[in-house]
Amino acid sequence: MKILNGGHNLTHQVTYNLGLDIVRGKYKFGGEFPTEAQLADQYDISRSVMREAVKMLTAKGLISSRPRQGIRLQATSEWNMFDSDVLMWTLNSRPSLELLKEFTQLRVAIEPEAAALAAQGASEEQKADILAALERMRQAELGNDDALESDIEFHTTILLASGNRFFIQLRDFIETALRVSITHTNRIKNVHFASFAEGV
């Protein structure tokens, strides 16, 4: 498999391609995994580039690499789901209902508390942002705005208004996961717009 640089960092490009292959199930947990040398040949790159890619995928929890043990695929429970690459690869690879359920459980645990904190301590500017996000959702129902983007903006605005630095740090994670999960759940429920009524 020839990897073309195309102006991008070659190590990151190889990491992306190999990571996507892992998440999509090309390699099975407990099965054999290619060596660095075999992967370097497969991607037609140098051993040093592949070694760096292996280090990056190890840091993301997808694989482990130890002397005399070689490279091994990690169980999905070891994957760093808060890593933006791992999350995107997983969500764009036909996410399972179990994964969507787990993400919903996280939202149920976090969003009510974030909303309560926002209600107690949001600044006037943050309150205005929340109202603007709700208006976008109302406009989306009327066909005048993007349903998905308005829905995401509402949820992330609440997180920002909570004032909790841990919740705020989850904003990019929540936005990425919402982008896929809303699309999938709406498809399952056969709806195509954000719900302004539920927002208020």
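The values are calculated or read from the model by the stated rules, or taken from the named source; none is laboratory data. What you see is a predicted model; the values in this text were computed from it and never measured. Positions of Cβ are generated from backbone atoms using ideal geometry, with glycine treated the same way; all protein chains shown enter the neighbour counts. All accessible areas refer to the heavy atoms of the entire protein, side chains included, with ligands and DNA or RNA removed. Shrake-Rupley method; radii C 1.70, N 1.55, O 1.52, S 1.80 Å.
Assorted remarks:
- ALA53 part of a helix (DSSP H, G or I) and more than 25 Å from the chain's Cα centre (by Cα): no
- Members of the stretch 89-105 that are free of Cβ contacts under 8 Å to residues at least 60 places away in the same chain and of a type outside the set (Lys, Arg): SER96, LEU97, GLU98, LEU99, GLU102, GLN105
- Restricting attention to the stretch 23-47 and to residues that are at pLDDT below 90 and open to solvent by 100 Å² or more (accessible area, probe 1.4 Å), the residue that is farthest from THR90 (Cα to Cα) turns out to be GLU32.
- The stretch 157-182 residues that are closer than 18 Å to THR104 by Cβ, paired with ones that are assigned to a loop (DSSP other than H, G, I, E, B) and open to solvent by 60 Å² or more (accessible area, probe 1.4 Å) (beta carbon under 9 Å, 6 or more apart): LEU170/PHE82; PHE173/PHE82; VAL180/ASN92
- Residue match in the stretch 90-103 (condition: within 30 Å of TYR16 (Cα to Cα), in contact with a His (Cβ under 8 Å, 6 or more places away or on another chain) and either assigned to a helix (DSSP H, G or I) or of a type in the set (Val, Ile, Thr) (or both)): yes
- Test: residue in the stretch 50-69 that is surrounded by fewer than 14 Cβ atoms within 10 Å (Cβ to Cβ), more than 24 Å from GLN13 (Cβ to Cβ) and touching a residue at least 12 places away in the same chain (Cβ under 8 Å): no
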